[in-house]
Amino acid sequence: MNVARRPEELEHARRAVAIGTFDGVHLGHRRVIEAARAAHLRPTVVTFDPHPRVILGNRVELLTTTRRRLELLEELGVEDVLLLRFDAALAALAPEDFAASVLGPIGTEVVTAGDGFRFGHGGSGDLDLLERLGFDVRRVPLVENVSSSHVRRLLQTGHAEQAARLLGRPAEVEGKVVLGDQRGGTLGFPTANVAVPGDLLVPAYGIYAGEALGHRAAISIGTNPHYGGSERRVEAYLLDFEGDLYGERVVIELWERLRDEAVFGTEAELVAAIADDVSRTRAARRPV
C-alpha cells in the first residue's frame, strides 16, 4: 500500500476515495472502505494524523496507533492512503478549498463516507456540498451502536469481547517491549513489559487472555498491587515462547477479561492464580 503525506505525492488517477479518521477501523469504517472498493476505481483513503479532535483541544484515547491504522487499511484492500497532517491550517480550510486542493488533484471521482460526515472550517462542509461540487457521493449508513466512542467505553470497562464485535476483530494494545522488574521470570512466568504510547487507550485494569506474536498470551494490565505497585504496567506472558523481545514492537490482542487484579496472602497463592490464568488462556476462544 502506498502512503502519501501530500496530494502531489499521489499520481492523478480515477479514484474512489473513502474519507474519515478511521480510528479503530471498526465495522462502520469497514463499510465505508467496502463502498469505495465497490466503485471499481482505484480504492483510496484520505485520513488524518493527529486525530482532528486533538487539534481542536480535546483529549482522545486512540484505539489504534497511526501505524496500526495503516496496517488495518491495507488488510482491507486499500491501494493508496493520503495521510494528511491535521493542524490549525487544515482545520481553518473552507470545505470548497479542501475539495479543490485535496480531492481534485488526486483524481477523485467517487467519495464514500458515513452519513453525517462533516469537514472543513467549523465542520461547515457535508456530503451534499460534495455532490454540488460534482463528486459522485456514496453515503454509507451508520451501523447501529458502532462508533469509536462506544468501543472506547467498552474497553474502559473491560468488555473486550463486546468491543471485538464492534471492531470485527479483537481489541488490541501495542507498544515497545522495555525492561521491567523481571519479577515474572523468578515466578516461572517471564513477561514482556510493553510501553504503550501515551495517546493510546489502555483497557480497564485486570488479567486478560489474548495473543501476541502468534502465541497465546496471558496479559496483566494494572499496577501489580500484590507487590504494592503504583505505576501502570502492561505485561504479557507468551505461552510456549522463548526468546528476547526487548526493543521489539508488539501488538497484543485482547480476547477475554479473566479477572480483576488482586493482592494475595502469599507468593504461592499468586503463582497458583497465574497458573490458573495460563490454563484459562489456553482454553480461551478468539472473539469474532
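Taking helices (runs of 4 or more DSSP H) as the structural unit, no element lying wholly within segment 33-105 holds at least 2 residues that are farther than 29 Å from E174 by Cα and among the aromatic types (F, W, Y).
Every residue, every condition in (1) assigned by TED's automatic domain parsing to the domain that holds H26; (2) crowded, with 19+ Cβ neighbours inside 10 Å; (3) in contact with an Asp or Glu (Cβ under 8 Å, 6 or more places away or on another chain), yes or no:
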residue	(1), (2), (3)
A204	no, no, no
Y208	no, yes, yes
H215	no, no, yes
S220	no, yes, yes
G229	no, no, no
V234	no, yes, no
E242	no, no, no
W255	no, yes, yes
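So which residues in segment 1-32 are over 20 Å from A100 (Cα atoms), of a type in the set (D, E, K, R) and in a loop (DSSP other than H, G, I, E, B), if there are any at all? Once the filter is applied, which keeps residues that are over 20 Å from A100 (Cα atoms), of a type in the set (D, E, K, R) and in a loop (DSSP other than H, G, I, E, B), segment 1-32 yields only D23. Note on segment 20-73: residues that are more than 19 Å from A163 (Cα to Cα), acidic (D, E) and within 14 Å of the chain's Cα centre (by Cα) total 2. Is one or more of the residues making up segment 266-287 under 21 Å from V177 (Cβ atoms), in contact with a His (Cβ under 9 Å, 6 or more places away or on another chain) and either at pLDDT below 95 or of a type outside the set (D, E, K, R) (or both)? Within segment 266-287 (the criterion being under 21 Å from V177 (Cβ atoms), in contact with a His (Cβ under 9 Å, 6 or more places away or on another chain) and either at pLDDT below 95 or of a type outside the set (D, E, K, R) (or both)), the answer is no, since none of the residues qualifies.
Between G206, G243, G198, the distinction of being within 26 Å of R59 (Cβ to Cβ), of a type in the set (G, A, S) and either in contact with a Cys (Cβ under 6 Å, 6 or more places away or on another chain) or without any contact (Cβ under 8 Å) to a residue 40 or more places away in the chain (or both) belongs to G198 only.
The values are calculated or read from the model by the stated rules, or taken from the named source; none is laboratory data. Keep in mind it's a predicted model, so treat the numbers as computed, not measured. Don't worry about glycine lacking a Cβ; one is built from the backbone with ideal geometry, like all the others, and counts go over all protein chains shown.
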